[in-house]
Amino acid sequence: MSIIWCISVFCIFLSATDVIYGADARKDPYLCLRRLRPKNKFLSMNNPFENALKQLHRAAAVYEFPNDLLERISHPDRELRISIPVKMDDGVLRIFEGYRVEHNNARGPYKGGIRYHKDTDINEVKALAFWMTLKCAVADIPMGGGKGGITIDPKTLSKRELEDLSRGWVRGMADVLGPKKDVPAPDVNTTPEIMGWMADEFEKISGDKTKATFTGKPIALGGSEGRGPATGLGGFYVLDHLRKEYSLPESCSVVIQGFGNVGSNAAEVFSMHGHKIIATSDSKSAIFKEDGIDVDGLTVYKTKNGRLEGFPGSKTITNEELLLLPCDILIPAALENQITEKNAGNIRAKFILELANGPITPEADEILLANGIPVVPDILANSGGVIVSTFEWEQNLKNEHWSETEVLDKLKAVLYKQSETVYLKSVELKTDMRRAAFIVALSRIAQSMGY
Ligand code: NAD
């Protein structure tokens, strides 16, 4: 009797999940439970857009800006949410949620990457778009700020499904995109191949042959030399320029959270210039090797095994332990909200270079400042990616192809100059580098907006 009762309850549960959550819930009975839970413990506690606004107000407290400017910049120009239908390989239709936030275009077309992540939501995309407006202004490039995303773990899709989803995002957003309107780029989990599919889809829809609407494309499809390593390399140029000001040694011990595009390229360029990478991580695990990791060897190992754990000679640690290791330079290069008020007081790095966007919460910033740990903020430290993306856009519009040397020389010149500008502003106002970078950016945006 009780067995029959249990079977009936289970059947009612399955049909209810079908009605409420669609047929995919049948294949994954926990889906409805997961959708009812906050998606990410840290993101639900730390709304990245609220953090971005707190940063804005902290900067505005040490420098007088017109209230109208602060009000305008606190609201994105436009938020788009679309449903993207994809016929899955098993014949089931699934609908994915896609976003584009166009934050501000006072200085040029909206510019910013597209993120594919299971925790991506509108608040994350709004924050990232806001930071792009400031980042492009700090770099003094003729671009505004935007960002896009899709809530998806791309590792759960086949290649065909991923391509359909990416092309679907472009179909849904095509009206607002264009070389003079809005120019997307790669971000977390979006590769040059994906940018190539998107550029192709946009060309089919719009007939625009300039290829200047998407950056981060493969070189054969109009991409720029140097775009792949640009963010990691740019971070190195920034650090290299500031190293003496902060009395950092010529050969530093470096910890890098995240061994993706940005983190692995940073690891390579830092180790090439005589620094020692003692720990790094991905979303699954972290490794530590006190006498230094062979970065090329680790790249080969990760490609072959799909993980970092087990790399010969290294010790496995947790991501939490990695952030607290004593070192000269800590480089967060993964996601937002990694250093919060909970762990900031235990950070033992001498210096932090933010290559991820928003890895430190405003509360953590205050703790680090009180503990004398300087932070080079994301909007300066990781601007190498958008700078080379802008070079790619310029090459496409002029139908040119610049050599790698030309691209990297230009990147270095921009970053040395803007690092100096931000550093001098921080000295002049006796404030930290984040507030100084915000002030440099906001002053330039204010000028373009006529304030
Ligand atoms: P990616 O997808 O190539 O790499 C992200 C890496 O972080 C992966 O190794 C992943 O496993 C790891 N990761 C994810 N969650 C983690 C966690 N909780 N702990 C440790 N590691 C974790 O993405 P990316 O392009 O390298 O971007 C990384 C960061 O840099 C993001 O914040 C992104 O917005 C920022 N950024 C990227 C670019 C760019 O050009 N790609 C430019 C500027 C800023």
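Just so you know, all these numbers are worked out from the coordinates, no wet-lab data involved. Predicted model only: the values in this text are computed from it and were never measured. Cβ sites come from the backbone with ideal geometry, for glycine too, and all protein chains shown count toward neighbours.
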Problem - region 151-196 - Kirkwood radius from inverse mean 1/r over Cα pairs (Å) - result: 11.6
Exercise for the section: DSSP loop (so not H, G, I, E, B), at most 15 other Cβ within 10 Å: list which trypsin sites (Lys or Arg not before Pro) in region 167-271 pass both filters. Expected result: LYS180, LYS181, LYS209, LYS244
Problem - Spin-label model distance (nm) - ASN343 vs THR318, 7 Å beyond Cα toward Cβ - result: 0.9
Problem - Calculated SAXS-style log₁₀ I(q)/I(0) at q = 0.17, 0.19, 0.28, 0.32 Å⁻¹ - region 275-321, Debye, Cα scatterers - result: -0.40, -0.51, -1.10, -1.35
Handout entry: Fewest-first sequence of TYR237, TYR451 by Cβ atoms within 10 Å of each Cβ
Key = TYR451, TYR237
Handout entry: Within the chain, helix-based [θ] at 222 nm, where runs of 4 or more DSSP H residues each add -39,500 (n - 2.57), nearest 500
Key = -14500 deg cm²/dmol
Problem - Under 18 Å from LYS398, Cα to Cα: lysines that are on another chain or at least 8 residues apart - result: LYS180, LYS181, LYS209, LYS211, LYS217, LYS410
Problem - Two-site label geometry, MET272 and ASP90: point separation in nm, points 7 Å out along Cα→Cβ - result: 4.5
Practice task
Determine the principal axes of the Cα atoms in region 89-216, then give the extent along each, sorted from largest to smallest and rounded to whole angstroms.
Solution key: 48, 33, 22
Problem - Cα gyration tensor shape for region 104-169, rounded if a/c is under 1.5, else prolate or oblate - result: prolate
Fill in the blank from the handout: Mean separation of Cα contacts under 8 Å (at least 6 apart) over the residue count of region 247-383, i.e. the relative contact order in percent, is 22
Handout entry: Cut-off 16 Å, label 7 Å out along Cα→Cβ of ILE82, residues of region 209-230 by amide N
Key = 213-215
Handout entry: FRET efficiency, 1/(1 + (r/R0)^6) with R0 51 Å, evaluated for GLU193 and ALA370 via beta carbons
Key = 0.70
Practice task
Mind checking which of ASN305, ILE329, THR318 is farthest towards the positive end of region 288-333's charge dipole, using Cβ charges of +1 (Lys, Arg) and -1 (Asp, Glu) about the Cα centre?
Solution key: ASN305
Handout entry: Over the chain, relative contact order from alpha-carbon pairs under 8 Å, at least 6 apart, %
Key = 15
Problem - Contour excess over end-to-end distance, with Cα ends at ARG72 and SER251 and 0.36 nm allotted per residue - result: 60.1 nm
Handout entry: Rg over Rh, two decimals, the chain (C-alpha only, Kirkwood Rh)
Key = 0.98
Problem - Computed Rg/Rh of region 358-422, alpha carbon atoms with Kirkwood Rh - result: 1.15
Practice task
Classify region 387-451 as rounded, prolate or oblate from the Cα gyration tensor: take a ≥ b ≥ c as the square roots of its eigenvalues, call it rounded if a/c is under 1.5, otherwise prolate when a/b beats b/c and oblate if not.
Solution key: oblate
Handout entry: Exposure proxy order (Cβ contacts within 10 Å, fewest to most) of ASP294, ASP89
Key = ASP89, ASP294
